[in-house]
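Peer 1: One structure follows; several queries about it will come next.
The values are calculated or read from the model by the stated rules, or taken from the named source; none is laboratory data. What you see is a predicted model; the values in this text were computed from it and never measured. Note that each Cβ is placed from the backbone with ideal geometry, even for glycine, and that neighbours are counted across all protein chains shown. For the accessible areas, the whole protein counts, side chains as well, though only heavy atoms, and no ligand, DNA or RNA atoms are used. Shrake-Rupley method; radii C 1.70, N 1.55, O 1.52, S 1.80 Å.
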Amino acid sequence: AKDKGRNQFCYFTRAMQQNAQNRRQLLRDLAGALGQRQFLLHYQPIVELATGRVRKGEALIRWMHPSLGLIGPGEFIPLAEDAGIIVGIGDWVFREAARQAALWRASHHADFQISVNVSPAQFAAEGLSHDEWLAHLQQLDLPGHSIVVEITERLLMDTNPEVRNKLLAFRDAGIQVALDDFGTGYSSLSYLKKFDIDYIKIDQSFVRNLGPDTDDMALCEAIIVMAHKLGLKVIAEGVETIDQRDLLIRAGCDYGQGYLFSAPLAAEKFSVFLESFA
Ligand code: C2E
Ligand code: CA
Ligand code: CA
Ligand code: CA
């Protein structure tokens with residue numbers, strides 16, 4: 001059951017990848033998927049550990065392929081990046097997530113916040129238009145702080161001025177920034193100081209083997225202490241057991257996300273979840 005989340009969709013693609021022709025077909029299908037409205041978002045609750053409250057969720061894209069069924073982002077986001085179609089897909093993700101956030105803010109929690117994953121390719125010069133994104137938020141009457149942009153350490157190492165410009169434009173608009181998969185990249189702690197970041201997401205590889213007096217426990221504790229001293233909040237990813245949750249609470253971790261609380265859910269089911277974790 002290890003790596004269940006990552007591999008749950010896609011046993012077919014492993015065979016497909018061995019077949020260049022099928023791969024080209026998948027790419028053609030992917031290029032048409034946006035126009036055919038085949039993408040959907042699932043939402044995973046992010047739980048405030050001290051209270052059990054849910055005021056945040058992460059939007060995670062899925063592709064409903066007409067013949068292959070539901071395909072996970074690990075299988076097609078890299079393809080979309082290579083094919084240069086990630087920008088259009090990412091724009092759709094942002095708009096759809098913002099639309100849903102506005103609904104949940106109206107129906108459930110006025111302070112509800114949605115996290116959106118943004119690929120490095122989207123921050124390039126030919127990438128997303130931050131003006132259009134911000135205009136979209138205004139149309140929805142959504143404040144910037146209702147959105148969290150999840151980026152990776154890799155992006156912060158990018159010296160392209162466009163990356164910095166877009167991040168700064170988001171920050172100026174009040175959009176928050178989370179550093180995803182923390183600890184897995186070529187981490188340099190200096191980036192935490194150089195860029196204004198709000199959340200660190202501890203990668204699930206550190207959470208998986210958490211136990212009292214383990215190396216991963218020491219790492220998590222150190223990350224949490226450091227983050228708090230820098231004024232950042234910490235989200236632990238991949239929380240699957242009560243023991244992991246309790247250890248994280250004891251270490252002072254702010255938020256948890258993982259199968260213990262809930263898998264990513266279709267919007268209607270997430271609404272039900274919001275009701276029960278008021
Ligand atoms: P991520 O941002 O690190 O997202 C967390 C992944 O861990 C998700 O996989 C989630 O379903 C899975 N997960 C959640 N809880 C658990 C748990 O308790 N245990 C385990 N083992 N896994 C858990 P998913 O949805 O397959 O997404 C994979 C990756 O695809 C994401 O990793 C993210 O990097 C990327 N991705 C997803 N949606 C988007 C998107 O809209 N745009 C872009 N650019 N990338 C996306
Ligand atoms: Ca993420
Ligand atoms: Ca992550
Ligand atoms: Ca800050």
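Peer 1: Just to be sure I follow: if Rg is taken over the C-alpha atoms of segment 133-215 and Rh is the Kirkwood radius over the same atoms, what is Rg/Rh?
Peer 2: My calculation of the ratio gives 1.06.
Peer 1: Related question: Mind checking which of ALA102, THR184, HIS42 is farthest towards the positive end of the chain's charge dipole, using Cβ charges of +1 (Lys, Arg) and -1 (Asp, Glu) about the Cα centre?
Peer 2: HIS42
Peer 1: Express in nm, to one decimal, how much length is gained between ARG24 and ASP243 on full extension, taking 0.36 nm for each residue of separation and deducting their alpha carbon distance.
Peer 2: Contour length minus the Cα-Cα distance gives 74.4 nm.
Peer 1: Note down the nm distance, to one decimal, between modelled labels 7 Å out along Cα→Cβ at ARG250 and at SER271.
Peer 2: 4.1 nm
Peer 1: When each pair of different Cα atoms in segment 13-170 is counted once in the 1/r mean, what is the Kirkwood radius in angstroms, to one decimal?
Peer 2: 16.9 Å
Peer 1: Taking every eigenvalue of the Cα gyration tensor of the chain, multiplying by 5 and rooting it, what semi-axes result, largest first, whole Å?
Peer 2: Semi-axes (√(5λ), whole Å): 28, 23, 21.
Peer 1: Moving to a separate point now. So what is the relative contact order of the chain, in percent, for Cα pairs below 8 Å that sit 6 or more residues apart?
Peer 2: That works out to 18 percent.
Peer 1: Let me ask you something else. Once you have the alpha carbon radius of gyration of segment 142-277, what is it after dividing by 2.2 N^0.38 Å, with N set to its residue count?
Peer 2: 1.11
Peer 1: Which one, GLU162, GLU237, GLU268, has the greatest fluctuation when you compute a Gaussian network model over the chain with C-alpha springs under 10 angstrom?
Peer 2: Result for the chain, Cα springs under 10 Å: GLU268 fluctuates most.
Peer 1: Could you tell me the distance between the Cα centroids of segment 68-142 and segment 144-217, to the nearest Å?
Peer 2: Taking the Cα centre of segment 144-217 as reference, the centre of segment 68-142 is 17 Å away.
Peer 1: Given a 1.4 angstrom probe, what's the average accessible area per residue across the chain, in square angstrom?
Peer 2: 49 Å²
Peer 1: What is the sum of charges around GLY231, taking Lys and Arg as +1, Asp and Glu as -1, for the other residues whose C-beta is under 15 Å from the C-beta of GLY231?
Peer 2: Summing Lys/Arg as +1 and Asp/Glu as -1 gives +2.
Peer 1: Shifting gears a bit: Suppose we keep just the alpha-carbon trace of segment 10-105; what are its Rg and Dmax in angstrom?
Peer 2: 15.6, 51
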